[in-house]
Each structure stands twice: as C-alpha cells, then as structure tokens.
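These notes concern the structure reproduced below.
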Amino acid sequence: MTQTDIRGDGTDVAGLDPWLAPYAEQLRARHAHYLRVKSSLDATGGLLGAISQGHQYFGFNRGTLYGKPGVWYREWAPEAIQLRVIGDFNDWDRFACPMVRDSFGVWSLFFPDERWGEKLVHGSRMKAHVVTENGSMDRIPAYIRRVVQDEQTRGFTGVYWNPEHSGRYQPRHPSPPIRHAPRIYEAHVGMASEQEKVATFGEFTRDVLPRVRDLGYNVLQLMAVQEHPYYASFGYHVSSFFAVSSRFGTPDELRELIDQAHGMGIRVLLDLVHSHAVKNTHEGLTRFDGTDYQYFHAGARGRHIAWDSMLFDYSKYEVRRFLLSNVRYWIEEFAFDGFRFDGVTSMLYLDHGLGKTFTKYEDYFGDNVDLDAMTYLRLANDLLHEVKPDAISIAEDVSGMPGLARPLAEGGLGFDYRLAMGVPDYWVKILKERTDEQWELGNIFHTLMNRRHTEKHIAYAESHDQALVGDKTLAFRMMEREMYWHMNRGGDSVVIARGVALHKMIRLITFSLGGDGYLNFMGNEFGHPEWIDFPREGNQWSFKFARRQWSLSQSPFLRYQGLMAFDRAMLGLDEQWNLLHDRFIEQLYLHEADKLLVYRRGPLVFVFNFHGTQSYSDLRIPVPDPRDYRLILNTDDVAFDGNGLVAADVTYWKQDTPYAGRKQSVQIYIPARSAQVLAPK
C-alpha cells in the first residue's frame with residue numbers, strides 16, 4: 001500500500017485484510033473518535049503541548065512567582081477538601097504549608113528560594129497530606145520522580161529530586177541507528193546478580209551489558225523500572241509512574257546504564273505499564289482525592305479481578321495527560337528508545353480478554369472493545385513517534401487485534417511490532433501433552449507462520465512469563481532434576497542429551513520462522529535451570545531463585561556453555577544475512593514419518609531432523625537455487641555441545657536432480673535430533 005492509496009478514514013486496514021470489510025463502519029468510527037480527541041488538543045499545542053508536558057507542570061518543578069525563583073508543587077485532586085505539603089523541610093508539620101485549589105481541581109503551592117531555598121533542597125523527603133470527606137492521609141505525590149523505602153518501617157516516601165545540572169549524569173553516546181531487526185534481551189536488573197540480593201543499575205552496567213553485547217543482542221528491554229512497592233510483582237504493580245525504582249539505584253545510574261548500552265550499539269526499551277496500577281493507597285494513586293474514580297473507573301469496572309489492581313479511565317483528560325506525559329518523560333529524560341507496552345489485551349477489551357479464545361472477527365468489534373483505551377494507545381504511539389521518529393513500540397497482545405501494528409493513517413493502532421504470544425504457549429503445550437514421536441512438523445510450521453504477515457511480530461520461544469514459579473523454562477521442563485546432576489560434558493544422560501538438542505532446535509525454528517524480530521529472557525539463552533521466585537512470605541523471603549547463575553554458562557565442564565555459544569551463533573545469522581528483515585519464507589520439503597522439515601528464509605535453507613534416533617546419510621533435499629551450498633550452522637557441532645558428527649563448513653554440491661518440485665537438489669548427512677542451516681556458496 002502506497003501513501004497515495006491511503007484514504008485516511010480508518011478503513012485502509014481492510015484493504016490488507018478482506019475479512020475486515022464487513023466492519024468498515026466500526027473501523028471508520030474508531031478512527032474518527034481518535035481524530036476528534038486528537039484535534040481537541042490543538043488549542044493547547046497538540047500532542048507536543050500541555051497534554052504531554054504534565055511532568056513539567058505537576059509535581060515539584062523549579063519556577064518563578066512574580067519574578068522570584070523557587071519551587072512549584074502542583075497536584076490534581078478535584079474532590080479533595082484540602083491538600084498540605086509536609087516533609088523534612090517543614091518538620092512534617094501538617095498545617096505549615098496549605099495548598100490552594102483552582103477551578104480545575106488543581107492544588108498548588110510556591111516555595112520561594114528566599115524562604116525555603118536552604119530547606120527544600122535536592123534529596124528532601126516529602127508527602128502530600130490529603131484531607132477528604134472520608135478522613136485524611138499522607139500520600140506520595142502523583143508525579144514524584146523519586147520514592148525511597150524506609151528500612152525500618154518499610155514505608156515509602158517521596159523525594160524532591162532535582163540535582164544541579166553539573167551533578168547530573170551527562171550522556172556521551174547517541175542512540176544507535178537501526179541496522180537490523182530487533183534482537184531483544186529481556187532483563188530484570190534486580191535479579192541480574194549471581195548473589196542472593198537485589199542487584200543495582202551499576203552492577204548491571206558492569207556485569208550484564210557486556211554479555212548482552214557479546215551475545216549479539218541489539219536491543220535491551222528493561223523490566224520493573226517504574227517504582228513498585230512489592231518486589232515480587234515483577235514490576236507490574238506500579239505505584240509511582242515517574243519514579244525510577246530506588247531499590248536498583250538512582251535516576252542517574254539508570255541514565256548511565258542506557259548511555260553505556262548506546263555506546264555498545266544496543267538500544268534500550270522500557271517495559272511500560274499503563275494497563276493498570278497498584279491498588280495500594282499509601283504508595284499509589286488509588287483514592288488520592290478520596291474517590292475511587294479520580295484516575296480509575298468507579299466501582300467494579302475500576303478493578304482487575306485477575307491482577308488485583310486498578311484500571312485507568314482513559315476517557316479523562318487528566319488521566320491522558322498523566323500517561324502521555326509519562327511516555328514523553330521516559331524518552332526525553334532517560335533516552336529510552338521505545339517501549340514494550342504491557343497488558344494491551346487487558347486495555348482493549350472490557351472483559352480484559354479473560355477466558356476468551358478470539359477465534360472470530362466479531363470478538364474484535366462490538367461493545368466489548370474499550371474505545372477510550374484504544375484511542376489512548378493510538379495517542380501514545382502517535383506521541384512516541386513524534387518525539388522520537390525511530391522509536392520502537394511493541395504491543396503485548398494475545399488477542400490478535402487486527403491493525404494493531406499498522407500505521408495510524410491506515411486505521412491501525414500505530415505499534416511497530418506485536419509479540420507473537422501464542423508461540424511460547426504452543427511449545428509448552430506440545431512438550432507437556434505429546435511425545436516426540438507425536439510432534440507434527442506441519443503443525444509446528446503452520447503455528448510459527450500463523451500470524452498477520454502485514455504486521456511485524458517479535459518471535460520468542462519463552463520469556464519471563466514461562467520462567468516464573470508455577471511454570472517452567474523450556475530447559476527445566478525438558479530436563480528438570482537431571483540438570484542438577486548430569487549437565488557435565490561427556491555425561492551419558494539421555495534426558496540431558498534430548499533436552500540440550502531440542503533446546504537449540506526449538507530456538508532456531510522459532511527464530512527463523514516466528515516473526516520479524518526475536519526476544520529472549522536473560523539466562524534462558526544458556527538454559528538457566530529452575531524457575532524464578534521472588535522473595536515472599538511463602539519462601540521465607542529467599543533470594544535463591546531471584547538471581548541468575550551466570551557462572552554456569554562460563555564453566556568449560558558444563559553444557560550450558562555450549563547452549564550459550566549456539567545462541568550467539570544463531571543471532572549471527574541475522575547480523576550477517578539480515579535474516580529477520582527477509583519476509584520470504586517457503587516450505588521446501590516435509591516428511592512427517594521421518595520427522596524431516598526443510599524450508600527457506602531468504603537465501604538460507606533450514607533443515608530439521610526431529611527424529612529421536614534416526615540419522616540420515618545421503619539425504620536428498622531440494623534447494624531453491626542452482627548453486628552449491630555450504631553448512632554455516634549446525635546444532636550438532638561440538639562447539640554447541642553436540643556430537644560433532646558432521647564436519648564444520650562442509651560443502652553440499654549441487655546436483656541437477658529434480659526433487660520435491662525443484663530442479664536441483666543436494667545430498668546431506670544430518671544426525672538425529674539436529675538442525676542445519678545452509679547458505680548458497
């Protein structure tokens with residue numbers, strides 16, 4: 001579709017998917033609603049105006065009053081009776097600093113330097129004392145940029161964070177350009193240490209960033225950056241949306257992490273949580289002004305029954321301002337390169353997609369779709385790419401909403417990519433329910449290819465979701481307790497041999513077929529054993545499973561090192577051949593009984609032998625081009641902890657022997673339970 005073909009009324013996505021034609025009116029209405037909301041912002045500067053600059057107005061910001069310098073504090077709390085500022089700068093006096101309300105429900109107070117300059121300083125601790133019809137409570141300001149936890153009381157307190165310009169970290173590296181498809185390393189800073197503790201931004205920068213670079217990942221996706229009171233929530237129950245989680249370090253230490261990543265050629269994404277918020281009143285936004293409908297929907301609609309959290313009312317101007325400002329804040333203040341938007345399915349549907357299979361197009365339309373949430377996502381993507389044109393936005397959506405990753409002008413939602421969320425679920429399903437002999441290669445190929453090919457997808461075999469306690473990583477699912485005793489090289493465990501072989505094959509077929517980008521959760525590249533379990537009452541607050549045992553991948557005596565080496569080599573296929581940008585995929589040969597699958601992506605040929613015991617010598621396979629082919633990647637290579645039954649860099653000579661619909665073929669040797677990648681010589 002060219003620019004001149006675009007009508008711009010929201011129905012252009014139907015030109016890419018004829019099944020959307022019956023819903024043209026609904027597509028048009030959705031798009032019109034988005035345009036109306038966007039045009040309503042023109043009077044205040046459009047998307048780059050007041051709607052996305054809330055963080056420069058609300059909260060604590062330097063400013064002037066009648067020409068005198070000082071600090072403004074502003075808070076939106078329309079139903080509150082009174083707001084007062086308390087902190088160590090006024091001895092926590094709940095009557096010393098009352099605020100004034102305007103007609104829009106915004107409370108404000110100015111602290112002139114001539115009176116408060118030596119008291120209200122960088123690092124001062126404070127809260128807002130909010131008086132409502134139901135009583136009063138000390139609250140953390142909504143737009144606060146730093147929150148710390150008291151080690152004795154475990155309570156959280158806001159901090160005035162405004163280091164002098166000379167004391168703030170100054171980035172040295174620009175965001176690296178996009179040269180290849182995103183190869184994403186999903187990471188959680190706190191559990192990135194081998195020690196049983198909460199790791200820091202500084203430790204991650206020193207110890208993990210070089211690993212990410214050396215493995216060949218070009219995008220780092222950081223989880224749990226926004227402040228959250230409960231560590232075991234994995235960062236998904238956010239309380240302070242503008243605050244960097246203090247348990248990992250300071251905002252400047254996060255800036256340095258991102259800057260160092262940029263210097264290594266790695267872009268950095270934030271796992272952005274705008275789908276819900278923590279329900280806590282002491283730490284979060286809930287009932288800030290005394291009502292349950294200030295930031296969130298009132299009553300039952302404002303509560304997510306599965307996540308035990310609060311749901312934003314995206315129809316409200318101040319809620320949009322809060323969230324859109326948050327989008328802009330993380331890009332401009334920290335130089336993030338984009339976002340993975342969490343919980344998009346929950347946002348799009350009033351029933352949050354719970355228990356739905358989304359098997360028919362009617363599921364994407366009708367009264368169950370939250371039009372205001374959809375409009376917010378459009379505005380967020382519009383703003384993001386306005387502020388940073390080459391930003392990356394990824395939607396976590398399991399529903400398959402049509403047009404999610406299509407441009408706004410076509411009637412899409414403006415995301416650059418969507419997560420191929422059905423793929424990891426599929427691997428778990430067949431590993432749990434079927435023996436190796438029952439695997440259907442045609443079904444595997446179809447499942448990995450079953451996506452909207454007009455929209456870009458991020459493929460992955462597993463993420464943090466599959467690694468959490470209650471579930472299992474692929475490695476642990478296949479090898480379980482054998483990993484504790486038999487991961488030594490040269491061991492004779494058939495369970496380990498199978499698990500190591502399939503771990504590489506599952507990753508390779510997912511990487512090469514599943515989408516236009518790839519994601520891996522940290523440690524899974526080398527088959528990290530066990531699950532993730534954050535410290536909680538149920539495990540006596542242990543950190544044993546909330547860490548990464550990097551040393552396993554570095555031991556020359558264990559098979560983890562071979563799995564990691566394979567992951568690096570696999571990513572190299574994209575680096576050398578631009579594989580994930582190449583959308584030409586074609587099945588060349590399939591034999592279910594022999595467990596053989598051959599396909600091409602771009603110029604490369606992928607050969608999989610999923611048979612558990614049968615190797616094939618002189619196996620004839622069709623090749624797409626009349627050329628000799630060389631072996632460039634072999635899962636059975638000794639460097640990847642395979643058996644080394646095929647010589648490295650072997651050449652398979654072209655034969656003018658027609659086979660499986662091709663005029664030429666080659667003969668290869670492929671051992672049982674292994675895969676090879678061939679390139680034209």
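Rounded, prolate or oblate: pick one for the range 262-416, where a ≥ b ≥ c are the square roots of the eigenvalues of its C-alpha gyration tensor, a/c under 1.5 means rounded, and failing that, prolate if a/b is larger than b/c, else oblate.
oblate
Using only the alpha-carbon atoms, how far is helix 317-334 inclined from the longest principal axis of the chain? Give it as 0 to 90 degrees, nearest 10.
60 degrees
Which of the aspartates and glutamates could be linked to K663 by a straight reach, that is with a Cα gap under 12 Å, when you skip same-chain ones fewer than 8 residues away?
Cα-Cα hits under 12 Å: D625.
How far, in degrees from 0 to 90, does helix 251-263 lean away from the longest principal axis of the Cα atoms of the chain, to the nearest 10?
So the helix axis and the longest Cα principal axis differ by about 30 degrees.
In Å², what does the accessible area per residue of the range 557-681 work out to with a 1.4 Å probe? Provide the component values of the computation, followed by the final result.
On the way: 5120 Å² over 125 residues.
For the range 557-681, the per-residue accessible area is 41 Å².
Could you order F156, F95 so the one with the most accessible surface comes first? Probe is 1.4 Å.
Numbers: F156 15, F95 155 Å².
Result of the area sort, largest leading: F95, F156.
Give me the three principal axis extents of the range 2-118 from the C-alpha atoms, as integers in angstrom, largest value leading.
Principal extents (Cα only, largest first): 66, 29, 24 Å.
From the square roots a ≥ b ≥ c of the eigenvalues of the alpha-carbon gyration tensor of the range 568-681, which class results: rounded (a/c under 1.5), prolate (a/b over b/c), or oblate?
rounded
What is the packing order of peptides 28-34, 648-654, taking the mean over residues of other C-beta atoms within 10 Å and listing the highest first?
Values: 28-34: 18.0, 648-654: 13.4.
Top of the packing list down: 28-34, 648-654.
For the residue pair W92 and Q667, what label-to-label distance in nm results when each label sits 7 Å from Cα along the Cα-to-beta-carbon direction?
For W92 paired with Q667, the spin-label model returns 8.5 nm.
Can you work out the base-10 log of I(q)/I(0) for the range 389-448 at q = 0.13, 0.19, 0.22, 0.23 1/Å, using the Debye formula on its C-alpha atoms alone?
One equal scatterer on each Cα of the range 389-448 leads to -0.49, -0.75, -0.86, -0.90.
Working from the alpha-carbon coordinates of the range 561-632, get Rg over Rh, Rh being the Kirkwood radius. Write out the running numbers ahead of the final one.
Values: Rg = 13.7 Å, Rh = 13.9 Å.
Ratio value, two decimals: 0.98.
Rounded to two decimals, what ratio of Rg to Rh does the range 337-416 give with C-alpha atoms and a Kirkwood Rh?
Details: Rg = 12.4 Å, Rh = 12.8 Å.
A ratio of 0.97.
Counting only protein heavy atoms and a 1.4 Å probe, tell me what percentage of the chain's accessible area is made up of carbon and sulfur.
With neighbouring chains kept in place, the figure for the chain is 50 percent.
Over all distinct alpha-carbon pairs, what is the Kirkwood Rh of the range 108-174 in angstrom? Before the final figure, lay out the partial values.
Working: mean 1/r = 0.0693 Å⁻¹.
Radius from the Kirkwood sum: 14.4 Å.
Measure off 7 Å from each Cα along the Cα-to-Cβ vector at Y361 and A300, then give the distance between these two points in nanometres to one decimal.
About 3.2 nm, to one decimal.
Measuring from the lowest to the highest alpha carbon on each principal axis, how far does the chain reach, largest first, in angstroms?
Reported extents, whole Å, longest axis first: 88, 58, 44.
Hey, what angle do you get for helix 422-433 against the long axis of the chain, alpha-carbon based, 0 to 90 degrees rounded to 10?
Once rounded, one gets 60 degrees.
Using only DSSP helix segments of four residues or longer, with each worth -39500 (n - 2.57), what per-residue ellipticity at 222 nm results for the chain after dividing by its residue count and rounding to 500? Please list the in-between numbers first.
Details: 17 runs with 168 residues, N = 681.
Helix-only estimate at 222 nm: -7000 deg cm²/dmol.
What ranking, highest mean first, results for peptides 494-502, 476-484 when packing means the other Cβ atoms within 10 Å averaged over each residue? Don't jump to the answer; show the numbers that get you there.
Details: 494-502: 19.9, 476-484: 17.8.
Top of the packing list down: 494-502, 476-484.
Could you name the lysines in cross-link range of K504, using Cα to Cα under 25 Å and dropping any fewer than eight places away on the same chain?
Those lysines meeting the cut-off are K429, K432, K456, K472, K595, K681.
Within 10 Å, count the other beta carbons around each residue, average over each peptide in 374-380, 563-569, and list them highest first.
Details: 374-380: 23.6, 563-569: 21.6.
Averaged packing, sorted descending, gives the order 374-380, 563-569.
Would you mind working out the magnitude of the charge dipole of the range 219-345 relative to its Cα centre, with +1 at each Lys and Arg C-beta and -1 at each Asp and Glu C-beta, to the nearest 20 Debye? Please report the intermediate quantities before stating the final value.
Numbers: 12 positive and 16 negative charges, 92 e Å.
In total the dipole reaches around 440 debye.
Got the relative contact order for the chain handy, in percent, Cα pairs under 8 Å and 6 or more residues apart? Before the final figure, lay out each step's value.
Values: 1415 pairs, mean separation 72.1, N = 681.
That works out to 11 percent.
Name the aspartates and glutamates eligible as straight-distance cross-link partners of K127: C-alpha to C-alpha under 13 Å, and not fewer than 8 places from it in the same chain.
Candidates past the 8-residue exclusion: E75, D88, D91, D93, D138, E283.
For the range 26-127, what is the accessible area per residue in Å² when the probe is 1.4 Å? Each step should come with its number before you reach the end.
Values: 5170 Å² over 102 residues.
Computed with neighbouring chains in place, this is 51 Å² per residue.
The values are calculated or read from the model by the stated rules, or taken from the named source; none is laboratory data. Worth saying up front: this structure is predicted, and the values here are computed from it rather than measured. Neighbour counts run over all protein chains shown; Cβ positions are idealised from the backbone, glycine included. For the accessible areas, the whole protein counts, side chains as well, though only heavy atoms, and no ligand, DNA or RNA atoms are used. Shrake-Rupley method; radii C 1.70, N 1.55, O 1.52, S 1.80 Å.
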